[in-house]
Amino acid sequence: MSSTLSYVTPTADSPWGTYLMQVDRVVPYLGPLARWVETLKRPKRALIVDIPIELDNGEVAHFEGYRVQHNLSRGPGKGGVRYHPDVNLEEVMALAAWMSIKNAAVNLPYGGAKGGIRVDPSKLSHKELERMTRRYTSEIGIIIGPQRDIPAPDVNTNPQVMAWMMDTYSMNTGSAATGVVTGKPIHLGGSLGRVKATGRGVFVTGREAARRINLELDGARVAVQGFGNVGSAAAELFGQAGARIVAAQDHTGTICNSKGFDLADITAHVRATGGVGGFKGAEPMATEDFWDVDCDILIPAALEGQITAARANRIKAKLVLEGANGPTVPSADDIMAERGILVVPDVICNAGGVTVSYFEWVQDFSSFFWTEDEINLRLDKIMIGALKKIWDTADRHRITLRTATFAVACERILTARQERGLYP
Ligand code: NAD
């Protein structure tokens, strides 16, 4: 017997609604494990916290924070923390659930979790941001920990935020708990290669997918939505492989140049101004026109729900690499499949970040650190191996890479669920 959750009202295209549809599509491939599928349709635990802080002007502001642990059958929770004005419980639930799938898809010994604060961090001073982060960490401190749930960076959070989280948790527990978060600065037990790991994973899976559809990377035209941690690192690697980045969009604007951007110049511009808008080496274009750009590869690397059914009909790319989590709604997925556009889904495409987070966590426990070459080699091996297994599954059942990734991941999660049995 199952029931819908009383505390969220998902729609067909909302993040949790999208995730539920993706789970429903995998059920026919789960065999007897399907009996346990309801476990994936609800989070194990969802914590909502109030975060009061004193602003620099003496006023008190309250922010809403979340930490959701979706499934812990295979190990401690793992997943990022997002600071964004649109963060809400439903979104964090979906992001946590996609972490369960992703961690299982690359076979990391983790469950899935995610956190966030409903805030526009650009409106806070550095000190206010620190106070908010520390209070949030204290509030969720009752459920996180190196063996329980390990946060990491996501949209608008970075190594500095992770350093504050690590310090706050360590002060509260009287320890130096480097393993409580990943994506930390290198001096605090961070890992070489972590900052660019997600973009690297997008590139590695993209290169494999391009090979399978005979798409030459040298000279390929790439459009990137989101030029933050993930989008910029992926763009850099595609650029090094000879591809041209012909369009980019972020919260500051949309730009294009059919000859390709100078990547060093655009990176410097984004660093100096906070976004791609106003970049001199390209033409500005209307926001919605981004989806009509002539390109071979499209990399959504911003937020969820960006590829709607209407936009899916306009996309010119042959290959879509989901750097972002949940960028495609189910109806758009169907349209792209019908149109022969190959989609490498988020739950494998952007798994490079959590994979190197896993390396960071392992290094923190052993207090022995690897070189960047070792990190990248291990990352590439895991990503290529995981993608191959997923591709074999897709070929065997004649299903999309997304459903195949869910099939591989759900089998692992539900087998663990079954072997552990129900407590008590
Ligand atoms: P970031 O904060 O570094 O960058 C976010 C980017 O999205 C920025 O360029 C921002 O301008 C852009 N953006 C925001 N709103 C937008 C809008 N309405 N339209 C267009 N662009 C917009 O974040 P990030 O870490 O690069 O994360 C991007 C995506 O990748 C998210 O979906 C995140 O969950 C996912 N992801 C991140 C990691 C990681 O390691 N950081 C790992 C896996 C997945």
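Remark: pairs (first residue in the stretch 250-275, of a type in the set (Phe, Trp, Tyr); second residue in a loop (DSSP other than H, G, I, E, B); Cβ separation under 7 Å; 6+ apart in sequence or on different chains) = PHE261/GLY281; PHE261/ALA282. In this structure, is VAL8 in a loop (DSSP other than H, G, I, E, B), out of contact with any helix residue (DSSP H, G or I) (no Cβ under 9 Å at 6 or more places or on another chain) and buried (at least 16 other Cβ atoms within 10 Å of the Cβ)? Here the answer is no, as VAL8 does not meet what is asked.
Report, by residue number, each residue of the stretch 314-332 that is more than 12 Å from the ligand (Cβ to nearest atom) and either of a type in the set (Gly, Ala, Ser) or within 24 Å of GLU216 (Cα to Cα) (or both). Across the stretch 314-332, the qualifying residues are ARG314, ILE315, LYS316, ALA317, LYS318, LEU319, VAL320, SER331, ALA332.
When GLY141, GLY189, GLY112 are checked against the criterion of being in the same structural domain as GLU54 (by TED's automatic domain parsing), among the small types (Gly, Ala, Ser) and away from the ligand (no atom under 16 Å from the Cβ), a single residue qualifies: GLY141. Selection over the stretch 289-309 of residues that are farther than 17 Å from PRO15 by Cα, away from the ligand (no atom under 16 Å from the Cβ) and aliphatic (A, V, I, L, M) gives a count of 1. State all residues of the stretch 337-375 that are buried (at least 19 other Cβ atoms within 10 Å of the Cβ), closer than 18 Å to LYS196 by Cα and more than 15 Å from the ligand (Cβ to nearest atom); if no residue qualifies, say none. Selection gives GLN363 alone.
Picking from TYR83, TYR66, TYR110, which residue would you name as being touching a Ser or Thr at 6+ places or on another chain (Cβ under 9 Å) and assigned to a strand (DSSP E or B)? From the options TYR83, TYR66, TYR110, the qualifying one is TYR83. Pairing each residue of the stretch 208-234 that is outside the structural domain of ALA152 (by TED's automatic domain parsing) and closer than 14 Å to LEU342 by Cα with any residue that is modelled with pLDDT of 95 or more and of a type in the set (Val, Ile, Thr), provided the two are 6+ apart or on different chains, yields C-beta distances under 6 Å for ALA209/VAL344.
The values are calculated or read from the model by the stated rules, or taken from the named source; none is laboratory data. Small disclaimer: the values here were computed from a predicted structure and weren't measured. With ideal geometry, Cβ positions are generated from the backbone for all residues, glycine too; neighbour counts draw on all protein chains shown.
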